[in-house]
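Accompanying notes for the structure given below.
The values are calculated or read from the model by the stated rules, or taken from the named source; none is laboratory data. Every value quoted in this text rests on a predicted model; they were computed, and no experiment measured them. Note that each Cβ is placed from the backbone with ideal geometry, even for glycine, and that neighbours are counted across all protein chains shown.
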Amino acid sequence: MGTSSNFFVVFLTIVVLVTTAFATYLPRPTYQNQFVLKESKKTQKPYKTHYFPQLLDHFTFTPESSKVFYQKYLVNDTYWEKKPPIFVYTGKFVYTSNEGNIELFADNTGFMFDIAPKFRAPLVFYGKSLPFGKNSYKSAKTLGYLNSQQALADFAVPIRSLKQNLSSEESPVVFDEITPWSGFYDAVSQDFKEASLNCYEVIKGSEAELEAMSAQKGILAALSRIFKSCKVLQSADSARDWLWIAFVYTAMVNYPIKANFMMPLPTYSVEELIRAFAAAILYYNYTGSEKSFHIENGTEDHGSDCRGWQACTEMVMPMTCSNKSMFTPSPFDYKGVSE
């Protein structure tokens, strides 16, 4: 092994397993209510912003392939020493190198900052970089560069350059294991089960209860009042999806610190949600600033414009709900997704 055993480059690919294409597995209407995530003028965690001159196309030799765009990345070298591991947060989308504002992701990725002192490691976050600026999502011609092959090359090239600059060319690249299809929802459910078994059971039975109510006369108007919808709901499924998203995202940011990652939320948000027993209110309106909610046909503020394209072209993610989940068990239907 020689001295190479002292070098590690770890890809911490934080996969947010949600796509607009899989409503069966994670309901995701084209709204995200009207919370707008505002960037803090003062960075919560120290890092420097850099830009790497990146080729548009790594695999063809057309005149346009040599176009250069500047790939954004953040570096924190607070604990940097010689021959450390290098922790690289890659995200999972080409155009964004994650779902959106990379500063927001860096500020809410505590694990890397927690382990950096122990390993004396520098931290690298790759951020939002649009090759064609505001026109990057304009047509199939520009979106054609949005694929996994280009994404891997977009990460490999600057990482090789970084390793050379750090005199650590022999560093191996280590990937974590792929999670089982039901892993995401099992983990979400386990968060609630550990916090309150009773709450877990109530949520587990709520979808069937809502389904039974949906046939009642006037139920949409009643649900609109209960959930303070800005407009009368057109489907009971919208209320189900809205609640599902609140449960899932609250578990995703169940941090020991306050977070503004998906929405402004308190510390240990799952426990707070259970204490309030008002999932939607806590998740969508923790600050108390909202009087009503755009449950249907709202906006998406997390920079995930490219999810739909990738889900339809190549990034099919088989996600299921097992019997361990507090959500209704569901298999993966490849035919249904492809249609």
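Provide a single number: the residues in segment 292-314 that are outside any strand (DSSP E or B) and at pLDDT 75 or above. Please lay out each step first, then the result.
As a first pass, look at segment 292-314 and keep what is outside any strand (DSSP E or B): 292, 294-314.
From what is left, the residues that are at pLDDT 75 or above are 292, 294-296, 309-310, 312-314.
So the answer is 9.
When the residues of segment 29-72 are narrowed to those that are among the basic types (Lys, Arg) and surrounded by 13 or more Cβ atoms within 10 Å (Cβ to Cβ), which ends up modelled with the highest pLDDT? Before you say what the answer is, go through the steps one by one.
Restricting attention to segment 29-72, the residues satisfying the condition of being among the basic types (Lys, Arg) are 38, 41-42, 45, 48, 67, 72.
Checking which are surrounded by 13 or more Cβ atoms within 10 Å (Cβ to Cβ) leaves us with 45, 67, 72.
Values: LYS45: 70, LYS67: 91, LYS72: 88.
Among those residues, the one meeting the criterion is LYS67.
Keeping to segment 73-84, report how many residues are in contact with a strand residue (DSSP E or B) (Cβ under 7 Å, 6 or more places away or on another chain) and surrounded by fewer than 20 Cβ atoms within 10 Å (Cβ to Cβ).
Total meeting the criteria: 1.
Just need a number here: residues in segment 59-77 that are farther than 16 Å from SER129 by Cα and touching a residue at least 40 places away in the same chain (Cβ under 8 Å).
Filtering segment 59-77 for residues farther than 16 Å from SER129 by Cα gives 59-66, 76-77.
Narrowing further to those that are touching a residue at least 40 places away in the same chain (Cβ under 8 Å): 59, 76-77.
Of the residues in that region, 3 qualify.
So which residues in segment 112-148 are in contact (Cβ under 8 Å) with a residue 24 or more places away in the chain, surrounded by 12 or more Cβ atoms within 10 Å (Cβ to Cβ) and outside any loop (DSSP other than H, G, I, E, B), if there are any at all?
Result: MET112, PHE113, ILE115, ALA116, PHE119, LEU123, VAL124, PHE125, TYR126, LEU143, SER148.
Restricting to segment 202-234, give me the number of residues that are within 29 Å of ASN323 (Cα to Cα), in contact (Cβ under 8 Å) with a residue 60 or more places away in the chain and surrounded by 13 or more Cβ atoms within 10 Å (Cβ to Cβ).
The total comes to 4.
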